[in-house]
Amino acid sequence: MFGKSEDAGSNRDAETIIGPSVKVDGDFTSQGDVVVQGMVVGTLKTEKSLCVSAGAVIRADVRANSAFIAGEVHGNIKISEKLEVTNSAKIFGDVEARSLLIAEGGVLQGKCTMVKEEKPAKAVHLETPRKAAAAAG
Amino acid sequence: MYAYLYDPVLRQRTFRGFLDRLETRLTDFGLGGKIYRLGPLLHLNEIVLEETRRKAKTIVAIGTDRLFHQLLNAPNIQNFVVGFVPINPHSAIGTLLGVPPQEAAATVLAHRITRSLHLASANAVRFFWELSIPFSGSTTLKCDDCYAVTLSGDSGLITVRNAPSIDAQFMTTLHIKQSLWHRSHSVFHNQKILFEGLKQEILIDGQPLGVERLKIEHVPTVLRVIVGRNRHEALDNVEVAAVSGAGALAMA
């Protein structure tokens, strides 16, 4: 179950691919899927999914819709939906996600916050005094 | 109204037959216009300004990819619809635009299918398709004034492709050779790129340029170009123009 390939989601569909011998330094923002095989320093944000391959190193705060982590992350991670951590992953920082899956052997050293699904508030109907009087009478 | 720019190489005797056949076909299609034979005394920029005064609608470059590249960089070129007749059977620009070489291009001009291309610039030199930047050792690109990308490897090639019909973005592909057997590639999308410390000659739409510092960004210039049915898919957008043509070919 946890032994699947680290390439969750095809690299070919990713908008951004940071290869093994590439280092990105600064505030990186993307609208599409991101695959990290090299190094990222600074901040990393994407509106879609993030895949951190085994051997990749991120020294940045990360924000994504969903993430699959097989490499090393030094920084806080904030995921809107699902965060999947494989057996080769090492995370040093606080994690916030709606859904969390950690494989045996994966390292998570930091605070973990599960974001609760917000239920829509019940509609409250307020009666006018006349209606209330009519109902009583 | 059409204006035809003849590349200086067409002065050679070997191209006489081709020009006769092309001019006959253009006349048959009713695509007559004024012919300018470029040379030392007749410069492309002056012709474009002259045609702006004459209110010509279409300028057609007949010759090499280099001539088309020079036409892209002419002043006020966005006021015209640009056509191209490649003389080289392996023309890269002709292949991208779907225009067959030599007199077969007359059919494409007659169909007059146009596409709008968003141009980009590299150090104020306009291009519409792609830059190729070879590198060796370590190289740094600064992207969008937000982040820097550092590459390390034996050698490699950086390709910056303009997506002509997509919202002002470049697709930057990095092909890196780390060892004899190990290669990797990376892909980024950005709007502005700055290179410094370039050591090798780069290619802009196939034309060589030697610079040390390179700034790549989009320019607010949209060029309408006549394309053929076999054009590159990236050039497709909504606009299609109707077939038109008038006048007899004027022999200069």
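How high is the FRET efficiency from B:GLU201 to A:HIS74, r the C-beta distance, R0 35 Å, rounded to 0.05?
0.30
Within 10 Å of each Cβ of A:20-33, how many other protein chain Cβ atoms are there on average?
Per-residue shielding by partner chains comes out at 6.
Taking each pair of distinct Cα atoms in the protein assembly as shown once, what is the resulting Kirkwood hydrodynamic radius in Å?
Averaging 1/r across every pair of different Cα atoms and inverting gives 24.6 Å.
Of B:SER91, A:VAL85, B:PRO8, which is farthest towards the positive pole of the protein assembly as shown's charge dipole, taken about the Cα centre with +1 and -1 on the beta-carbons of Lys, Arg and Asp, Glu respectively?
Selected residue: B:PRO8.
Taking amide H positions as placed in the peptide plane 1.01 Å from N, state which residues far from A:ASP94 in sequence (5 or more) or on other chains have amide H under 5 Å from it.
Long-range HN contacts for A:ASP94: A:ASN76, A:ILE77, A:LYS111.
Give, rounded to the nearest 20 debye, the magnitude of the charge dipole that chain B has about its Cα centre when Lys and Arg contribute +1 at Cβ and Asp and Glu contribute -1 at Cβ.
500 debye
Return the sequence-ordered ³J(HN,Hα) values of the range B:134-139 in whole Hz as given by the Karplus equation 6.51 cos²θ - 1.76 cosθ + 1.60 applied to θ = phi - 60°, using x for Gly and Pro.
Whole-Hz 3J(HN,Hα) from phi for the range B:134-139: x, 8, 9, x, 9, 9.
Taking the Cα centre of the protein assembly as shown as origin, work out the dipole magnitude from +1 charges on Lys and Arg Cβ and -1 charges on Asp and Glu Cβ, in debye rounded to 20.
Dipole size: approximately 840 debye.
Given H placed 1.01 Å from N in the peptide plane, which residues other than close sequence neighbours of B:GLU130 have an amide H under 5 Å from its amide H?
B:ASN162, B:ASP205
Pop out the ³J(HN,Hα) list for the range B:209-214 in order, Karplus 6.51 cos²θ - 1.76 cosθ + 1.60 with θ = phi - 60°, rounded to Hz; leave Gly and Pro as x.
After applying 6.51 cos²θ - 1.76 cosθ + 1.60, I find 8, x, 9, 9, 10, 9 Hz.
Sorted from largest down, what three extents in whole angstroms do the Cα atoms of chain B have along their principal axes?
That gives 59, 38, 33 Å along the principal axes, largest extent first.
Which whole number gives the average count of other chain Cβ atoms within 10 Å of the Cβ atoms across peptide B:135-142?
Across the residues of B:135-142, the mean count of other-chain Cβ atoms within 10 Å is 1.
Distances over 22 Å make up what percent of all Cα-Cα pairs in the range B:58-154?
Of all Cα-Cα distances in the range B:58-154, 42 percent exceed 22 Å.
Per the Debye formula with a single identical scatterer at each Cα and no solvent contribution, what log10 I(q)/I(0) holds for the range B:125-218 at q = 0.12, 0.14, 0.17 Å⁻¹?
-0.34, -0.47, -0.70
Where does helix B:44-54 land angle-wise versus the long Cα axis of chain B, in degrees 0 to 90, nearest 10?
Its long axis makes an angle of about 50 degrees.
In peptide B:148-154, how many Cβ atoms from other protein chains are near each Cβ within 10 Å, on average?
That works out to 5 on average.
So what are the ³J(HN,Hα) numbers for the range B:145-159, from phi and the Karplus equation (6.51, -1.76, 1.60; θ = phi - 60°), rounded to whole Hz, Gly and Pro as x?
For the range B:145-159, the Karplus-derived couplings read 6, 10, 8, 10, 10, 10, 10, 9, x, 4, 6, x, 9, 9, 10 Hz, x marking Gly and Pro.
For chain B, what is the percent of antiparallel DSSP beta bridges, rounded to the nearest 5?
75 percent
Taking other Cβ within 10 Å of each residue's Cβ, how do B:LEU49, B:LEU22, B:LEU10 sort, fewest first?
Lowest count first: B:LEU49, B:LEU10, B:LEU22.
Over the range B:125-218, what is the relative contact order in percent, taking alpha-carbon pairs closer than 8 angstrom and at least six residues apart?
Relative CO of the range B:125-218 lands at 29 percent.
Arrange A:LYS111, A:LYS116, B:LYS142 by Cβ neighbour counts within 10 Å, fewest through most, would you?
The order, fewest Cβ neighbours first, is A:LYS116, A:LYS111, B:LYS142.
If one computes the Cα centroid of the range B:4-53 and of the range A:27-102, what distance in Å separates the two points?
58 Å
If I model a spin label as a point 7 Å beyond the Cα along the Cα-Cβ vector, how far apart are those points for A:ASN65 and B:ASN73 in nm?
4.2 nm
With each run of n ≥ 4 DSSP H residues scored as -39500 (n - 2.57), what mean residue ellipticity at 222 nm is computed for chain B after dividing by its residue count and rounding to the nearest 500 deg cm²/dmol?
Helix-only estimate at 222 nm: -5000 deg cm²/dmol.
As an exercise, take the mean of 1/r over every pair of distinct alpha carbons in the range A:11-117, invert it, and state the Kirkwood radius in angstroms.
Radius from the Kirkwood sum: 13.2 Å.
For the protein assembly as shown, give the share of DSSP beta bridges that are antiparallel, in percent and rounded to the nearest 5; count only bridges with both residues there.
Within the protein assembly as shown, antiparallel bridges account for around 50 percent of the total.
Bear in mind that the values in this text are calculations on the coordinates, not laboratory data. This structure is a prediction, so every number in the text was calculated from the model and none was measured. Note: ideal-geometry Cβ built from the backbone for every residue, glycine included; neighbour counts use all protein chains shown.
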